[in-house]
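One structure is given here, and the rest of the page talks about it.
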Amino acid sequence: MTEPIDERLRSELQQHGVWVTSMQELYNWGRKNSIWPLQFGLACCAIEMIATAASRYDIARFGGEIFRPSPRQADLMIVAGTVTKKMAPQIVRLYNQMADPKYVIAMGACAISGGPFKQGYNVLKGIDRYIPVDVYIPGCPPRPEALLHAFMELQRKIDSQKLSGADKAEHLKPEQPSEFPVPLFGEHDLESSANPGVFHPPEIERA
Amino acid sequence: MTPNPYLFIVIFVGVALVFPLIPLALAWLWRRFFQPPKPGPDKTSIYECGVESVGDAHIQFHSQYYLYAIIFLVFDVEAIFLVPFAVAFTGLPIGAFIAILVFLLLLVEGLVWAWGKGCLDWEH
């Protein structure tokens, strides 16, 4: 890839009616404006997600209104709601079956950490234990505006992804995995409580 | 000189071939130079709403289902013809009335045959 064009030169050209772009910008522009989410909901957050897709909040303004019933056609997985340990393997498998490039929004307190059920026995303490999450939305449940904000954040992320170089996007690197191990049902709990390759718990600092 | 009128069909066929081939070629080039394919056992497996699929997706439905198809047809055709018959009932001559009765009799005969064959029993 060649050097990016000088911003001042670009705006100068734009004033004269010449629009200059690069392959990377064109590619990302196309991708970020047609993010097709996977159509599934897990709990009450899904109601907010449905409201986001409906007329009042209208996620179609951001090009994300086509909720696909098949992971083969989806770019984005919105984990909307409580992920129970019974459901977690299915979520991971659905993520694995999505075509690259794929993104994950963890919506709501339950999806990001287990939420009010964190101390319980049957709720996963955050979907980021098994799959890489791009945007986290706190809230119980988050309002549709929050989901729209997360969507815009994701668009910003897609827009900044590189096509080449050492820091190019994950899905373009051959060595980056596209699927992650599906947790198994053990005798008492899910076998392997987290995928160490994906899950990086915050360090607890004690004074 | 006017071109051969069939020339447009040739052009049309050419466009119909090139039009779908361009995106396919672009996708192939994209895969070749930018995005490495990443197939895997999960990714290429049969999609069954996230649950592990059991068996093959290409199974044959048992041919016994033809009985249900026939019964469905009986009631379906009956409904299609009965509604216009009922709408036009008062204005119909006696010949048409007898004709529709014969037609209904044929369908009822089919139903009786199916009943006798026992395919209305849900247990079978």
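The values are calculated or read from the model by the stated rules, or taken from the named source; none is laboratory data. In this text, all values refer to a predicted model and were calculated from it rather than measured experimentally. Backbone-built Cβ (ideal geometry, glycine too); neighbour counts: all protein chains shown. Surface accessibility is based on the protein's heavy atoms, side chains included, excluding ligands, DNA and RNA. Shrake-Rupley method; radii C 1.70, N 1.55, O 1.52, S 1.80 Å.
Before moving on, here are some points about what is shown:
- If you go through region B:24-69 and keep only what is more than 25 Å from A:A88 (Cβ to Cβ), within 14 Å of another protein chain (Cβ to nearest Cβ) and not aliphatic (A, V, I, L, M), you end up with B:W30, B:R31, B:R32, B:F33, B:F34, B:Q35, B:P36, B:P37.
- Being among the basic types (K, R), farther than 30 Å from B:W30 by Cβ and either under 11 Å from the mean Cα position of the chain (by Cα) or surrounded by fewer than 22 Cβ atoms within 10 Å (Cβ to Cβ) (or both) is a property that A:K85 has.
- The residue list B:E109, B:E78 contains one member that is among the acidic types (D, E), touching a residue at least 12 places away in the same chain (Cβ under 8 Å), surrounded by 11 or more Cβ atoms within 10 Å (Cβ to Cβ) and more than 14 Å from chain A (Cβ to nearest Cβ), which is B:E78.
- Per this entry, B:Y65 is counted among residues that are farther than 30 Å from A:Q39 by Cα and under 26 Å from the mean Cα position of the chain (by Cα).
- Single match in A:R72, A:R61 (criterion: modelled with pLDDT under 95, part of a helix (DSSP H, G or I), within 12 Å of chain B (Cβ to nearest Cβ) and surrounded by fewer than 23 Cβ atoms within 10 Å (Cβ to Cβ)): A:R72
- Residues that are open to solvent by 40 Å² or more (accessible area, probe 1.4 Å), under 15 Å from A:F151 (Cβ atoms) and in a helix (DSSP H, G or I), drawn from region A:32-52: A:K32, A:E48, A:I50
- Here B:K43 passes the criteria (1) in contact (Cβ under 8 Å) with a residue 12 or more places away in the chain; (2) outside any helix (DSSP H, G or I) except the one numbered (1).
- For region A:114-136, the set of residues classified as open to solvent by 40 Å² or more (accessible area, probe 1.4 Å) and either under 17 Å from A:E191 (Cα atoms) or part of a helix (DSSP H, G or I) (or both) consists of A:P116, A:F117, A:Y121, A:N122, A:K125, A:R129, listed by residue number.
- Applying the set (1) within 14 Å of another protein chain (Cβ to nearest Cβ); (2) of a type in the set (A, V, I, L, M); (3) not in a loop (DSSP other than H, G, I, E, B) to A:A99 leaves exactly one unmet item: (3).
- Residue within region A:114-121 that is more than 14 Å from chain B (Cβ to nearest Cβ) and of a type in the set (F, W, Y) present: yes
- Selection status of A:K157, free of Cβ contacts under 8 Å to residues at least 60 places away in the same chain and closer than 22 Å to B:R32 by Cβ: no
- Whichever residue in region A:161-196 is surrounded by fewer than 11 Cβ atoms within 10 Å (Cβ to Cβ) and more than 11 Å from chain B (Cβ to nearest Cβ) and, among such residues, is farthest from A:G126 (Cα to Cα): A:G165
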